[in-house]
Amino acid sequence: MTSFLSFKKQYIALGMLVFIALFFFNTRPASIQCQVPQLEELPASVASTNSNLPTIYGITPTYARLAQKADLTRLSQTLMLVKNFHWIVIEDAENKTPLVANLLRDSGLKYTQLNIKTEKEKAKKAMASGVEQRNKALEWLRGHLRGLSEEERIGVVYFMDDDNTYALKVFEEMRKINKVGVWPVGIVGGMMVEMPIITNGKVSGFNALWKPFRPFPIDMAGFAVAANLFLEHPEAKFSRKVQSGFQESVILNYFVKKEDLEPLADNCTKVYVWHTRTQKPSISKAGKAMTYNHIEV
Ligand code: UDP
Ligand code: MN
């Protein structure tokens, strides 16, 4: 009698377990059942397109150095979160390198890889970097835009140095641009923040301390330009003939007057981009003596 009872108890316990298990799997809310994407899937799935949004063309000159891959990795992983983004990366090099080629390919981003080496003579004469590289990108961009319909052509051009820090909000802001949009840039020009001064919703001046006599005393990271303006002004390009700090003024002079600038980032009251600079790493003598041909750093 006792053994019969315990046998029945076992069945009841088993039945209850099956019931609980079934109940649990069937009633879990959808949000819990949904799978978190695997890391490997992220680039392709997040760098998505939405035809209603203007395309952002990010133009980034880059050159070989110890922290190049680290800087480009950080930047590319920000860009993976930006919709309708096309990254134009121009290497300051004789040839395209496998390091940049691999990084771009593995990023899942939409990209164009270009290269042009700055002649040593030119680099010495003027302090500016990235002049030939940005011009090469503009040349490519014009050809690309001409091949698009008017609707597809709607876009914004942003000159993005490879070691700056970009908040996602800066990309949201620049999609509102009609001609040229401006916003504050953190940690630049010897200041905590360099920014346009706004009066009644218009740019009335700039707070810059470094070379305030520049026509547009703002950093490259502090503005973006409607893509069609580069077709309307096919002559617009950067120049080696100006002193350092004047590249921004050179390009903006083709398109706008100060009064036409469109203040973004809440009337230029928010910082969404920082002119950070990666410290040059120091490798010890013993460290330099070791070669690493088998591993990309
Ligand atoms: N750059 C380049 N060739 C050089 C030096 C710099 O292509 O010889 C690129 C660099 O990768 C960056 C941009 O030009 O994207 C601006 O350079 P950097 O960040 O060194 O300038 P800074 O921070 O001093 O404004
Ligand atoms: Mn920099």
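Derivation of every value follows stated rules applied to the coordinates shown; laboratory data play no part. Not measured: the values here are computed from a predicted model. Here the Cβ positions follow ideal geometry from the backbone for every residue, glycine too, while neighbour counts run over all protein chains shown.
Below, the figures for the structure above:
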item: Choice from Gln113, Gln279, Gln77 with maximal GNM fluctuation in the chain (Cα, 10 Å cutoff); result: Gln279
item: Value of D in µm² per second that Stokes-Einstein yields for segment 174-229, Kirkwood Rh from Cα pairs, at 25 °C (0.890 mPa s); result: 205
item: Cross-link partners of Lys179 among aspartates and glutamates (Cα-Cα below 14 Å; sequence separation of 8 or more within a chain); result: Glu232, Glu259, Asp260, Glu262
item: DSSP-loop trypsin sites (Lys or Arg not before Pro) across segment 192-251, with at most 12 other Cβ within 10 angstrom; result: Lys241
item: Highest to lowest packing among 55-61, 103-109, 150-156, scored as the average C-beta count within 10 Å; result: 55-61, 103-109, 150-156
item: Charge dipole (the chain, unit charges on Cβ, about Cα centre) - positive-most of Ser244, Ile283, Leu114; result: Ile283
item: Value of D in µm² per second that Stokes-Einstein yields for segment 193-266, Kirkwood Rh from Cα pairs, at 37 °C (0.692 mPa s); result: 250
item: For Ile198, distant residues with modelled amide H under 5 Å away; result: Ser204
item: Normalised contact order of the chain, rounded percent, pairs of Cα under 8 Å and 6 or more residues apart; result: 19
item: q = 0.22, 0.24, 0.33 Å⁻¹, segment 71-111: log10 I(q)/I(0) [Debye, one scatterer per Cα]; result: -0.71, -0.83, -1.32
item: Long-range amide H partners of Phe159 with built H, under 5 Å; result: Ile59
item: Residue-span extension gain [Glu94 to Arg146] - 0.36 nm each, minus C-alpha spacing; result: 16.0 nm
item: Flagged links, alpha-carbon separation over 25 Å, of Lys176/Lys202; Lys110/Lys202; Lys211/Lys241; Lys120/Lys237; Lys117/Lys241; Lys211/Lys237; result: Lys110/Lys202
item: Rg over Rh [alpha-carbon atoms, Kirkwood Rh] for the chain; result: 1.19
